[in-house]
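Structure record follows, encoded as structure tokens.
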Amino acid sequence: MSQPPLQSQADLLTRIAEALERLAPPHPTTPNFDAAEAFVWRAERGTLAPVSHVNRIDLSLLRGVDRVRDLLVENTERFARGLPANNALLWGARGMGKSSLVKAAHAAINRQAAVGGRLKLVEIHREDIEGLPALMGLLREAPFRFIVFCDDLSFDAGDASYKSLKAALEGGVEGRPANVLFYATSNRRHLMPRDMMENERGSAINPGEAVEEKVSLSDRFGLWLGFHHCSQDDYLAMVHGYAKHYGLEAPADEIEAQALEWATTRGSRSGRTAWQFIQDLAGRLGKPLVAIG
């Protein structure tokens, strides 16, 4: 049987190489970190997308979380100045400002003259956690400091991606880059539902070891900050703080009565409930939510 001409073979190999190149995942490219102060990790492309406007509120508007606010701000400030700091897990009641605190603390520290905008916030989505090691590698050599932030982080039965998170935070050969800190929010203190841990305890040959492996994930966070349901006084302080900040003029007793009724209809008092009430109040007053002062 005769062989095809060498030129034909070369063309075929070229086409095969081009097809394989198209199928291969994109090579991570170094982003322009001067383009923004916050980015979103696009795991499918291996790129960081700049965020032109970060959805956040001022740190002064967070009420009823004074202790955890101060701890996170202090931890963030130490990290921004090149001092040792801990990964942080913000856990607890929904709507109490966990993610808002992360974004507000970043903004407050980044505005300091000594930091000068060198602290970047990078959001990674829960479903992209397995791509965390690749993100860490991209940030490792950059001349900035980074807070990698995952909102509403948790794991369900059969989900093994938590192992990628464990390795990226502390357990891998390279370890966490010195210029990267990881902040996460969750409704669960140990990032996994209680029934999942109980199932592990009941079905494993060595129940203690099975549970220990999963609990050890939360141990990678040196700073645990608990958020709890707020009191009525704290809730009203949040409402009045928002109203003053946005110049919503109405009698204080009327605002309080309406805010309490709003919370009762939702069966919840929280920072999120207070913010939703303020949006409703501003709409009824015909005023846009623009900060004054």
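The values are calculated or read from the model by the stated rules, or taken from the named source; none is laboratory data. None of these values were measured; they are calculated from a predicted model. Backbone-built Cβ (ideal geometry, glycine too); neighbour counts: all protein chains shown.
The residues in the stretch 51-94 that are over 18 Å from GLY241 (Cβ atoms) and among the β-branched types (Val, Ile, Thr) can be counted, and the count is 3.
Looking only at the stretch 254-288, residues that are out of contact with any Gly (no Cβ under 8 Å at 6 or more places or on another chain) and exposed (fewer than 15 other Cβ atoms within 10 Å of the Cβ) come to 14 in all. Answer yes or no as to whether GLU213 is at pLDDT below 75, in contact with a helix residue (DSSP H, G or I) (Cβ under 7 Å, 6 or more places away or on another chain) and outside any strand (DSSP E or B). It is false that GLU213 is at pLDDT below 75, in contact with a helix residue (DSSP H, G or I) (Cβ under 7 Å, 6 or more places away or on another chain) and outside any strand (DSSP E or B). Within the span defined as the stretch 185-197, every residue fails to be surrounded by fewer than 13 Cβ atoms within 10 Å (Cβ to Cβ), touching a Lys or Arg at 6+ places or on another chain (Cβ under 8 Å), more than 30 Å from ALA142 (Cβ to Cβ) and at pLDDT 80 or above.
Among all residues of the stretch 39-55, there is at least one that is of a type in the set (Phe, Trp, Tyr) and either over 18 Å from THR185 (Cβ atoms) or assigned to a strand (DSSP E or B) (or both).
Of the numbered criteria (1) closer than 19 Å to GLY271 by Cβ; (2) in contact with a Leu (Cβ under 8 Å, 6 or more places away or on another chain); (3) assigned to a helix (DSSP H, G or I), the one PHE79 fails is (1). Of the residues making up the stretch 277-293, those that are under 12 Å from LYS244 (Cα atoms) and in a loop (DSSP other than H, G, I, E, B) are LEU289, VAL290, ALA291, ILE292, GLY293. Could you list, in sequence order, all residues of the stretch 114-138 that are part of a loop (DSSP other than H, G, I, E, B), in contact with a Phe, Trp or Tyr (Cβ under 8 Å, 6 or more places away or on another chain) and free of Cβ contacts under 8 Å to residues at least 60 places away in the same chain? Answer for the stretch 114-138, where residues must be part of a loop (DSSP other than H, G, I, E, B), in contact with a Phe, Trp or Tyr (Cβ under 8 Å, 6 or more places away or on another chain) and free of Cβ contacts under 8 Å to residues at least 60 places away in the same chain: just ARG118. Checking each residue in the stretch 282-293 for being closer than 22 Å to GLU261 by Cα and more than 29 Å from the chain's Cα centre (by Cα) picks out GLY283, ARG284, LEU285, GLY286, LYS287. Contact map, the stretch 257-274: first residue closer than 15 Å to MET96 by Cα and outside the structural domain of ARG63 (by TED's automatic domain parsing), second residue part of a loop (DSSP other than H, G, I, E, B) and among the charged types (D, E, K, R), Cβ cut-off under 9 Å, separation 6 or more or different chains; pairs are ALA263/ARG269; SER268/ARG94; SER270/ARG94; GLY271/ARG63; ARG272/ARG94; ALA274/ARG63.
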